[in-house]
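Enquirer: Please read through the structure below; I'll follow up with questions.
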Amino acid sequence: MARVWLFGPDVNTDQIIPGRYAPYMLKNEADLCKYPFVEARPDFAPNVQPGDLIIAGSNFGCGSSREYAPLALKLVAVGAIIAPLFARIFFRNALNLGIPCFTADLTQTLKDGQEVELNLAAGLILTADGQRLELPAPSSFQREVWGSGGIAPYYRQYGRFPGE
């Protein structure tokens with residue numbers, strides 16, 4: 001089971017990880033896992049579990065293009081991020097890191113702390129009360145990148161990108 005972490009609209013990269021926790025400011029890049037939402041939601045980093053879902057309002061990942069914002073979320077092993085709209089560069093950085101992102105609005109459907117099950121292969125979220133929430137189907141390329149763990153592992157595995 002995964003826990004839902006509910007956020008509002010316009011979650012920016014400074015909220016995801018403040019600049020003072022940039023990898024070049026830390027002793028070790030792996031320490032990024034200690035700081036996601038450290039100011040915006042201090043309970044997140046110490047309590048998030050691998051596979052948990054971020055459900056947010058529109059414009060998730062807006063702000064600066066710092067690639068270590070999605071990296072911090074990868075390091076805590078977020079299962080997926082679901083929002084009605086993503087900042088384009090955040091969405092691409094998340095894909096490059098192998099983080100599933102779905103464009104859907106579930107902020108009025110799911111509750112903060114609710115336990116759900118994500119079936120990534122089927123594109124479904126199943127709630128404890130039997131509700132089945134279908135997610136938009138990702139492209140086959142997205143699925144392959146997610147399955148490989150990100151764009152670099154994908155390239156190492158296939159030696160090319162689609163269309164090359």
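Enquirer: Compute the signed sum of charges (Lys and Arg +1, Asp and Glu -1) over the other residues within less than 15 Å, Cβ to Cβ, of S148. All intermediate terms of the calculation are to be shown ahead of the outcome.
Expert: On the way: positive: K74, R143, R156, R160; negative: E144.
With Lys, Arg at +1 and Asp, Glu at -1, the net is +3.
Enquirer: OK, next. Between D105 and R88, what is 0.36 nm times their sequence separation minus the Cα-Cα distance? Round to one decimal in nm.
Expert: Details: separation 17, 0.36 × 17 = 6.12 nm, distance 1.68 nm.
Working it through step by step, the gained length comes to 4.4 nm.
Enquirer: Separate question: Quick one: which residues, 5 or more positions from F102 or on another chain, have an amide H under 5 Å from its amide H? H modelled 1.01 Å from N in the peptide plane, none for Pro or chain starts.
Expert: The answer is I81, I82, A83.
Enquirer: Here's a follow-up. P(r) tail for segment 2-135, what percent of Cα pairs lie past 24 Å?
Expert: Working: 1895 of 8911 pairs.
Roughly 21 percent, once rounded to a whole number.
Enquirer: For F7, enumerate residues with amide H under 5 Å from its amide H, sequence gap 5+ or separate chain, H modeled in the peptide plane.
Expert: Under 5 Å from the amide H of F7 lie the amide H atoms of I55, A56, G57, each far enough along the sequence or on another chain.
Enquirer: Which value at 222 nm does the chain reach when only helices count, each DSSP H run of 4 or more adding -39,500 (n - 2.57), with the total divided by all residues and rounded to the nearest 500 deg cm²/dmol?
Expert: On the way: 6 runs with 43 residues, N = 164.
Result for the chain, helices only: -6500 deg cm²/dmol.
Enquirer: For K74, go through the lysines and keep the ones whose alpha-carbon is under 16 Å away, minus same-chain ones fewer than eight residues off.
Expert: K34
Enquirer: Could you run the Karplus curve 6.51 cos²θ - 1.76 cosθ + 1.60 with θ = phi - 60° over segment 119-126 and give me ³J(HN,Hα) per residue in whole Hz, x for Gly and Pro?
Expert: Here the 3J(HN,Hα) series is 9, 4, 4, 8, x, 10, 10, 10 Hz.
Enquirer: Can you tell me which of 110-117, 137-144 comes out highest on packing, and rank the rest after it, using the mean Cβ neighbours within 10 Å? Numbers along the way, then the final one.
Expert: Values: 110-117: 15.1, 137-144: 13.0.
Result, highest mean Cβ count within 10 Å first: 110-117, 137-144.
Enquirer: In nm, to one decimal, how far is the modelled label at L133 from the one at E117, with both set 7 Å along Cα→Cβ?
Expert: Result: 1.6 nm between the two label points.
No lab work stands behind these numbers, since they all come straight from the coordinates. Please read all numbers here as calculations on a predicted model, not as lab measurements. All Cβ positions, glycine included, derive from the backbone under ideal geometry; neighbour counts span all protein chains shown.
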